[in-house]
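The structure appears right after this line, and notes come after that.
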Amino acid sequence: MKKSDLTPSEYHPYYETYLKKVDASTQLLVSLESSLISTTTFFASLPKDKLRHRYAEDKWTPKEILQHIIDTERIFTYRALRISRNDTTELPGFDENAYVPPSQANQKNLSQLLDEFSSLKKASISLYKGFNKAMLTKLGKASGSPISVRAIPFILIGHELHHIQVIKDRY
């Protein structure tokens with residue numbers, strides 16, 4: 001399945017920001033697998049002195065951004081699992097800003113964060129390999145809006161690309 005297979009009824013318009021960063025021809029599993037390599041490579045290439053840098057007060061450091069990417073993927077793939085299993089419970093949103101301080105990302109070394117990212121991404125790939133077409137097209141409700149199982153990985157990939165671009169532009 002490709003990103004171009006998605007319809008606007010499968011996600012909240014807010015996610016267009018991220019989805020626009022993903023090419024229409026992008027294949028679901030291929031994108032998850034390639035993001036494992038590209039995101040890991042990007043963060044590993046950052047100079048050590050930039051990992052705790054804030055470009056402005058109250059902005060996240062690159063380590064905190066990586067932890068945010070990890071936390072977001074955990075939450076969204078959990079949503080995908082529940083929706084794929086016919087759980088019709090509306091799933092709550094989350095305040096990403098509230099997650100950052102208790103994550104203590106800046107106290108972790110980069111290899112810990114990259115190991116966590118890598119393990120999580122491999123688990124996400126495994127989860128999506130187990131979904132059939134019917135599961136992928138299931139719709140659920142999260143953060144007050146509809147979302148499909150198949151929209152989630154494309155949102156996550158665009159989310160990663162968004163934050164990587166912010167780091168490139170501002171750090």
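Read-outs throughout are calculated quantities, based only on the coordinates presented, and are distinct from any laboratory measurement. All figures in this text were calculated on a predicted structure; none of them were measured in a lab. All Cβ positions, glycine included, derive from the backbone under ideal geometry; neighbour counts span all protein chains shown.
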Study note, to complete from the structure: In degrees rounded to 10, the 0-90 angle between helix 110-129 Cα long axis and the longest Cα principal axis of the chain is 10
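Taking the Cα centre as origin and putting +1 on Lys and Arg beta-carbons and -1 on Asp and Glu beta-carbons, what dipole magnitude results for the chain, to the nearest 20 debye?
Working: 24 positive and 19 negative charges, 73 e Å.
With only Lys, Arg, Asp and Glu charged at Cβ, the dipole is about 340 debye.
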Revision key, fill the gap. Given the candidates TYR18, ILE147, LEU32, the one whose Cα lies deepest towards the positive end of the charge dipole of the stretch 1-149, counting +1 at each Lys or Arg C-beta and -1 at each Asp or Glu C-beta, is LEU32
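Ranked highest first by average number of other Cβ atoms within 10 Å, how do 154-166, 18-30 line up?
Details: 154-166: 20.3, 18-30: 15.1.
So the order, starting with the most tightly packed, is 154-166, 18-30.
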Review point. Here are some values of percent of Cα pairs over 29 Å apart: [x] 12; [y] 22; [z] 18. Which one was computed from this structure?
Key: [z]
Review point. Under a point spin-label approximation (7 Å from Cα along Cα-to-Cβ), what is the LYS59-ASP169 distance to one decimal in nm?
Key: 1.0
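Remind me, what semi-axes does the stretch 53-109 give for its equivalent ellipsoid, largest first in whole Å, using sqrt of 5 times each Cα gyration tensor eigenvalue? Could the numbers behind the result be given before it?
On the way: eigenvalues 161, 25, 13 Å².
Its equivalent ellipsoid spans semi-axes of 28, 11, 8 Å.
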Review point. Lysines within cross-link reach of LYS50: Cα-Cα under 26 Å, excluding same-chain residues under 8 positions apart?
Key: LYS21, LYS59, LYS63, LYS108, LYS121, LYS168
Check your understanding: Considering the zone a paramagnetic label at ASN86 would reach in this model (a point 7 Å from Cα along the Cα-to-Cβ line), which residues of the stretch 136-168 have amide N under 20 Å from it?
Key -> 136-142, 147-150
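Could you order the peptides 81-92, 114-125, 57-68 from most to least packed, using the average number of other C-beta atoms within 10 Å per residue? Each step should come with its number before you reach the end.
Numbers: 81-92: 14.2, 114-125: 16.5, 57-68: 18.8.
Descending mean neighbour count gives 57-68, 114-125, 81-92.
What percent do you get for the relative contact order of the stretch 3-170 when only Cα pairs under 8 Å and 6+ apart count?
Values: 188 pairs, mean separation 69.5, N = 168.
Once normalised by length, the contact order is 41 percent.
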Exercise for review: Would you list, by chain and number, the aspartates and glutamates whose Cα falls below 16 Å from the Cα of LYS122, excluding same-chain residues fewer than 8 positions away?
Suggested key: GLU33, ASP71, GLU73, GLU160
